[in-house]
C-alpha cells in the first residue's frame with residue numbers, strides 16, 4: 001500500500017513537471033527593424049552627411065546582420081560603401097557600438113572581434129527598440145560617422161528612457 005502511494009505521488013510529480021515544461025514558451029517575441037524604418041534611417045543619415053558636407057555610405061542590417069537597406073552617396077569611395085555594411089554587421093553581431101570594439105582591439109583588451117572576422121572600426125551603432133537590439137546602422141565616412149548614425153536613429157526611433165537601453 002505504502003509503495004503504491006509513493007509510486008502514485010511520483011507519477012503525479014512527474015506529470016506536474018511535464019506540464020510545467022510544456023507550459024514554457026517555445027518562441028520569443030523579438031523586435032526587428034522594418035524595411036521602411038531602415039529606409040528612413042538611411043535617408044536621415046544621408047541628409048545629415050549632406051548638411052555637414054561629407055560623403056558617406058550607410059547600411060542598416062537586422063539582428064542577424066542581414067542587409068535591409070543601403071545607399072552610398074554619389075562620389076563616395078567604394079571603400080566607404082563596403083565599410084558601412086561591415087560595420088553595421090559587426091554592431092549587430094556584438095550588439096554594441098563598433099567604437100567600443102575598436103577601443104578594445106587597440107588597447108589589446110579584447111581581440112575577439114578580429115579573430116571572428118568582424119570589422120571593429122568606429123562608425124556603427126546598434127538600433128535599440130523597447131530595450132531590445134533590433135538591428136544596427138553603419139556609416140562609412142571620413143568623419144562624423146557615429147553622429148550620423150545617431151542622428152538617423154533619433155530621427156526614426158522614438159526616444160526611450162535611459163534605463164530601457166542596453
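The listed residues are 67, 80, and the only one of them that is under 25 Å from residue 93 (Cα atoms) and surrounded by fewer than 20 Cβ atoms within 10 Å (Cβ to Cβ) turns out to be 67. Please work out if residue 30 is surrounded by fewer than 16 Cβ atoms within 10 Å (Cβ to Cβ), at pLDDT 85 or above, part of a loop (DSSP other than H, G, I, E, B) and in contact with a strand residue (DSSP E or B) (Cβ under 7 Å, 6 or more places away or on another chain). Yes; evaluated as a whole, the condition is true for this residue. Within the range 134-145, does at least one residue satisfy the condition of being in contact with a strand residue (DSSP E or B) (Cβ under 9 Å, 6 or more places away or on another chain), over 15 Å from residue 46 (Cβ atoms) and surrounded by 22 or more Cβ atoms within 10 Å (Cβ to Cβ)? Taking every residue of the range 134-145 in turn, at least one turns out to be in contact with a strand residue (DSSP E or B) (Cβ under 9 Å, 6 or more places away or on another chain), over 15 Å from residue 46 (Cβ atoms) and surrounded by 22 or more Cβ atoms within 10 Å (Cβ to Cβ).
Looking at the range 146-166 only, could you name the residues that are touching a strand residue (DSSP E or B) at 6+ places or on another chain (Cβ under 7 Å), farther than 17 Å from residue 40 by Cβ and at pLDDT 90 or above? Across the range 146-166, the qualifying residue is only 146. Screening the range 106-129 for residues that are surrounded by fewer than 18 Cβ atoms within 10 Å (Cβ to Cβ) and in contact with a helix residue (DSSP H, G or I) (Cβ under 7 Å, 6 or more places away or on another chain) and picking the one that is modelled with the highest pLDDT gives 122.
The values are calculated or read from the model by the stated rules, or taken from the named source; none is laboratory data. Just so we're clear, the structure is a prediction, and the values are computed from it rather than from any experiment. Quick reminder, even Gly has a Cβ in these numbers, built from the backbone with ideal geometry, and neighbours come from all protein chains shown.
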